Amino acid sequence: MPIDVERARRETPGCAHVLHFNNAGASLLPQAVTEAMVRYLQRESEIGGYEAALESQETIGTFYMALTRMLGCRPEEIAYAESATRAWDMAFYGIPLKPGDRILTGRMEYGSNWIAMLQRARQTGASIEVVPSDETGQICVAALRGMLDERVKLIALTHGPINGGLVNPAAEVGKIARDAGVLYLLDACQSAGQMPLNVEELGCDFLSATGRKYLRGPRGTGFLYVRETALNRLEPPFLDMFAAEWVSRDAYQLQPNARRFEQFEANYAAKIGLGVAVDYALQWGLDAIQERIYTLAANLRARLALLPRITVQDLGREQCGIVSFTVEGMEGHDLWYLRNRLAEQRIHIWTSIPSGTRLDMDARNLTRLARASLHYYNTEAESDRFCTTLRTMITS
Ligand SMILES: Cc1ncc(COP(=O)(O)O)c(C=O)c1O
């Protein structure tokens, strides 16, 4: 069923205030998410944090059930995290590596992931190798296949990068990883909430994502999926009395499932909010969400391409809701000032800097990109207004 855009906008109070094309940064919250969090915080203030958590155990548990439905996995395979980066780190830093081991990744890899890889490469003597991109910019699946050997311990791939519309062929990579028995860590931070994600089809062992972007959850939330069969191939880098039980002076026992990647303390209001956000997305249907986002974004690319001085910079065979562009004569900070001027008109976009995706930005000689990222609650009328305002700003 197509998205009822009017209803979606009614249920998103922010739509009345701003033209929000910064969904790859953080989306506008649905009213239901805000209400669930406020309700829970109210209970914390009335009866105390531990008591509110006990009283709301079932509601908190819906976080796991919602993600189970979204990813096609079991609730025991989900861990809550405070961000996508921490979720990714909890898997990555737990994977055993030694000198000579190889980590394969792609050109679109996210900056924080790359920094973590560099750190572990220095600490362990493992190497990081970048699988070449094909002519469309996506990871070259044939090259990946050719690079595999018994020293490859991990394939780490960013599904959709922070700086543009490209979507990597994550399921094809998953098939290769599974055939080779290599662990596969998928950063689905930008794709979660934007398209259907089924972990069986993706073939990943781990999947990390954040709450605040296309899932429309609150800030400070994220999650990690850990395939049951991968659970014992690594140990979480940090443990506490929730992730493990202290059973005797010299021994602890890990939780039997992905909860071993969590910690005792959490922002329960935010966790509940993310569960509600995931359920809200499922209620629209991720196929319908994807179709609407892709159509809006394709139309915006076509319109931007007609504007003077603008070059649309999106790569990839498949392109999602993130639209990236440059403006002739505007380097680095100029694009940030352009963002500020648009914000004065209550039009929200963002910019991408080289350190977010340095391999790709350096390869394309880009100092900064403007990024307009669309969600299903955006409209063609908003794209019109955006393009008209932008044209005035860059031509006057
Ligand atoms: C591809 C990708 N991975 C990871 C992250 C990090 O997410 P978080 O800020 O929740 O750690 C981002 C954030 O922009 C991202 O775009």
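The values are calculated or read from the model by the stated rules, or taken from the named source; none is laboratory data. All values reported here derive from a predicted model rather than from experimental measurement. Note: ideal-geometry Cβ built from the backbone for every residue, glycine included; neighbour counts use all protein chains shown. Quick note on the areas: whole protein, heavy atoms, side chains included, nothing else; ligands and nucleic acids left out. Shrake-Rupley method; radii C 1.70, N 1.55, O 1.52, S 1.80 Å.
I'm told ARG339 meets every condition in (1) touching a Phe, Trp or Tyr at 6+ places or on another chain (Cβ under 7 Å); (2) touching a residue at least 60 places away in the same chain (Cβ under 8 Å) except one. Can you identify the failing condition by its number?
(2)
Of all the residues that make up the range 131-161, how many are more than 21 Å from THR351 (Cα to Cα) and assigned to a strand (DSSP E or B)?
8
Does ALA243 fit the bill of being hydrophobic (A, V, I, L, M, F, W, C), surrounded by fewer than 23 Cβ atoms within 10 Å (Cβ to Cβ), more than 15 Å from the ligand (Cβ to nearest atom) and farther than 25 Å from LEU157 by Cβ?
Yes.
Name every residue in the range 236-252 that is touching a helix residue (DSSP H, G or I) at 6+ places or on another chain (Cβ under 7 Å) and part of a loop (DSSP other than H, G, I, E, B), in order of residue number.
Residues satisfying the conditions are PRO236, PRO237, ALA243.
Kindly indicate whether ALA126 is in contact (Cβ under 8 Å) with a residue 12 or more places away in the chain and more than 16 Å from the ligand (Cβ to nearest atom).
Spelling it out, ALA126 is indeed in contact (Cβ under 8 Å) with a residue 12 or more places away in the chain and more than 16 Å from the ligand (Cβ to nearest atom).
Could you count how many residues in the range 99-115 are within 16 Å of the ligand (Cβ to nearest atom) and either in contact with a strand residue (DSSP E or B) (Cβ under 9 Å, 6 or more places away or on another chain) or of a type in the set (Lys, Arg) (or both)?
Looking only at that region, the number is 8.
Looking for whichever is touching a helix residue (DSSP H, G or I) at 6+ places or on another chain (Cβ under 8 Å), within 26 Å of ALA297 (Cβ to Cβ) and open to solvent by 10 Å² or more (accessible area, probe 1.4 Å) here; the options are LEU197, LEU202, LEU186. Which one fits?
LEU202
Name the residue, out of ARG249, ARG219, ARG233, that is open to solvent by 60 Å² or more (accessible area, probe 1.4 Å) and either within 16 Å of the ligand (Cβ to nearest atom) or small (Gly, Ala, Ser) (or both).
Criteria check complete, one pass: ARG219.
For the range 209-235, which positions are outside any helix (DSSP H, G or I) and of a type in the set (Val, Ile, Thr)?
THR210, THR221, VAL226, listed by residue number.
In the range 1-30, which residues are under 20 Å from THR221 (Cβ atoms) and in contact with a Cys (Cβ under 8 Å, 6 or more places away or on another chain)?
LEU28
Taking the conditions exactly as written (touching a helix residue (DSSP H, G or I) at 6+ places or on another chain (Cβ under 9 Å) and open to solvent by 40 Å² or more (accessible area, probe 1.4 Å)), does ARG145 satisfy them or not?
Criteria met by ARG145.
What do you reckon, is VAL18 in contact (Cβ under 8 Å) with a residue 60 or more places away in the chain, more than 16 Å from the ligand (Cβ to nearest atom) and either more than 22 Å from the chain's Cα centre (by Cα) or more than 30 Å from ILE353 (Cβ to Cβ) (or both)?
When the stated conditions are applied, VAL18 passes them.
Look at LEU157 and say whether it is within 12 Å of the ligand (Cβ to nearest atom), in contact with a helix residue (DSSP H, G or I) (Cβ under 6 Å, 6 or more places away or on another chain) and of a type outside the set (D, E, K, R).
yes
Each row is one residue, and each column tells you yes or no for (1) assigned to a loop (DSSP other than H, G, I, E, B); (2) within 12 Å of the ligand (Cβ to nearest atom); (3) modelled with pLDDT of 95 or more; (4) touching a strand residue (DSSP E or B) at 6+ places or on another chain (Cβ under 6 Å).
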residue: ASN163; (1), (2), (3), (4): yes, yes, yes, yes
residue: ASN168; (1), (2), (3), (4): yes, yes, yes, yes
residue: VAL173; (1), (2), (3), (4): no, no, yes, yes
residue: ILE176; (1), (2), (3), (4): no, no, yes, no
residue: TYR184; (1), (2), (3), (4): no, no, yes, yes
residue: GLN190; (1), (2), (3), (4): yes, yes, yes, no
residue: LEU197; (1), (2), (3), (4): yes, no, yes, no
residue: CYS204; (1), (2), (3), (4): yes, no, yes, yes
residue: LEU207; (1), (2), (3), (4): no, yes, yes, yes
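Would you be able to say whether some residue in the range 23-31 is more than 16 Å from the ligand (Cβ to nearest atom) and assigned to a helix (DSSP H, G or I)?
Yes, that holds for at least one residue.
How about the range 377-396: which of its residues are of a type in the set (Val, Ile, Thr) and either closer than 25 Å to LEU215 by Cβ or not in a helix (DSSP H, G or I) (or both)?
Hit for the range 377-396 is THR379, nothing else.
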